[in-house]
Amino acid sequence: MLMKSAINTLDSTAIARKEIIDVTFDFTMDCVPNYWDGFWERGDGLGVGAYDPDEKSPTLKRYHQLLWSKTLPNGEFFELTQSGSDYLRWRDMRFGSDFILSSFRYKKNKDVIRKVSNYRALIEDFLHKAYTIGGMVIFPKHTNSMNVCRGRNNYICDRWDLSLECIRRFYNGEDSPLASFMEQDRNFYSLFNDFKGYIDFFYLQDCVTEDYKRVNFWLGDGSFSYKPLPKNPEEYNTWISSALDFVKKRNARIKESVALYR
């Protein structure tokens, strides 16, 4: 049975979720200085924000704290706190925010990007929509974390669908390019009991099949046998549209969940 203080915490967090979380809020808009200042002058014309909303958006941090402070699949209450220099903390675990919808604005991908029609308008629209809470998640934060290494690995290239496949395999005891890095955070993943628990907790159901047995890949087959960047403008546009479809659906799930709190 929950103690009275724990019940009060649950009630206050639920009320705050309902009153504050706006799934349409664009986290690029409350960074100081402005995220968009000089955007197209950086990154060799590919577009780079002045500051990272994962670090500089106070609204995003508050949303993370409110949204994920809830009962875990293992029955414990995941009460996230803001503590000193840490982004968020729970017990002895430190967490950082991550934007999970990469648009591959890399110099190594420039030859593909430069062939994309209306690229600047496409990217501005993508970032305004994707930098909502539906495009964000939290991960354990430390040296060589899974979240850091998924961006460095040539078989992942920061792709969310492939990162989630690594998480699925981890729960099933299968190998993946990120298995050794995830092992460092076994205590974190155990909080969700299994892959379904992780998916449901973070409202990621639209990334997997109905039976939770397979990840829906936005490009390719998820075999980790080749560099998975878009190879042409058609694949690039497929990726962008798939990512935006996902964030729209996830925002709807989050909005519906928040509305249930009374």
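The values are calculated or read from the model by the stated rules, or taken from the named source; none is laboratory data. Remember, it's a predicted structure, so these values are computed and weren't measured experimentally. Note: ideal-geometry Cβ built from the backbone for every residue, glycine included; neighbour counts use all protein chains shown. Please note that ligands, DNA and RNA were not included when accessible areas were found on the heavy atoms of the full protein model with its side chains. Shrake-Rupley method; radii C 1.70, N 1.55, O 1.52, S 1.80 Å.
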- Message: Please give the Cα centre distance for the stretch 131-208 versus the stretch 32-89, rounded to the nearest Å.
- Response: 17
- Query: If you compute Rg/Rh (Cα atoms, Kirkwood Rh) for the structure shown, which of [x] 0.95; [y] 0.98; [z] 1.06 do you land on?
  - Reply: [x]
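Rounded to two decimals, what is the ratio between the C-alpha radius of gyration of the stretch 97-148 and 2.2 N^0.38 Å? Kindly include the intermediate steps, with their values, before the conclusion.
On the way: Rg = 13.7 Å, N = 52, 2.2 N^0.38 = 9.9 Å.
Against the compact-globule rule of thumb, the ratio is 1.39.
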- Value of relative contact order over the stretch 82-237, rounded to a whole percent, pairs C-alpha under 8 Å and six or more apart: 25
- Note on the structure: Computed over the chain: longest principal axis from alpha-carbon atoms vs helix 58-68 long axis, angle to nearest 10 degrees, is 50
- Just the accessible area for Y35, please: 1.4 Å probe, Å², rounded to the nearest 10? 10
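For the chain, with only Lys/Arg (+1) and Asp/Glu (-1) charged at the beta-carbon, what is the dipole magnitude about the Cα centre, in debye rounded to 20? Don't skip to the end; give the middle numbers.
Values: 37 positive and 36 negative charges, 19 e Å.
For this selection, approximately 100 debye.
Within the chain, what whole-number % of the accessible surface is contributed by carbon and sulfur, with the 1.4 Å probe and all protein chains included in the calculation? Walk me through the intermediate numbers first.
On the way: 6050 of 12630 Å².
On the chain, the fraction of accessible area on carbon and sulfur atoms equals 48 percent.
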- Expressed as a whole percent, how much of the Cα-Cα distance distribution for the stretch 113-262 exceeds 28 Å? 21
- Query: Heavy-atom accessible area of L219 with all protein chains present, probe 1.4 Å, nearest 10 Å²?
  - Reply: 20
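Could you work out the relative contact order of the stretch 46-118? I mean the mean sequence separation of Cα pairs under 8 Å and 6+ apart, divided by the number of residues, in percent. Don't jump to the answer; show the numbers that get you there.
Working: 59 pairs, mean separation 18.4, N = 73.
This gives 25 percent for the stretch 46-118.
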- Once you put a point 7 Å from the Cα of E124 and another 7 Å from the Cα of D86, both along the Cβ direction, what distance in nm separates them? 4.0
- Query: Put a dot 7 Å past each Cα toward the Cβ at E41 and K108; how far apart are the dots in nm?
  - Reply: 2.9
- Which FRET efficiency value, to the nearest 0.05, is calculated for K213 and D22 with the Förster distance at 45 angstrom and r the Cβ-Cβ distance? 0.85
- Task: On the full set of protein chains, 1.4 Å probe, figure out the accessible area of K70 and give it in Å² to the nearest 10.
- Result: 20
- Message: Keeping every protein chain present and rolling a 1.4 Å probe, give me the accessible area per residue for the chain in Å².
- Response: 48
- Query: What is the spread of the Cα atoms of the stretch 180-245 along each of their three principal axes, largest first, in whole Å?
  - Reply: 40, 26, 18
- Note on the structure: From DSSP H assignment alone, runs of 4+ in the chain each adding -39500 (n - 2.57), the sum over residues rounded to the nearest 500 puts [θ] at 222 nm at -12500 deg cm²/dmol
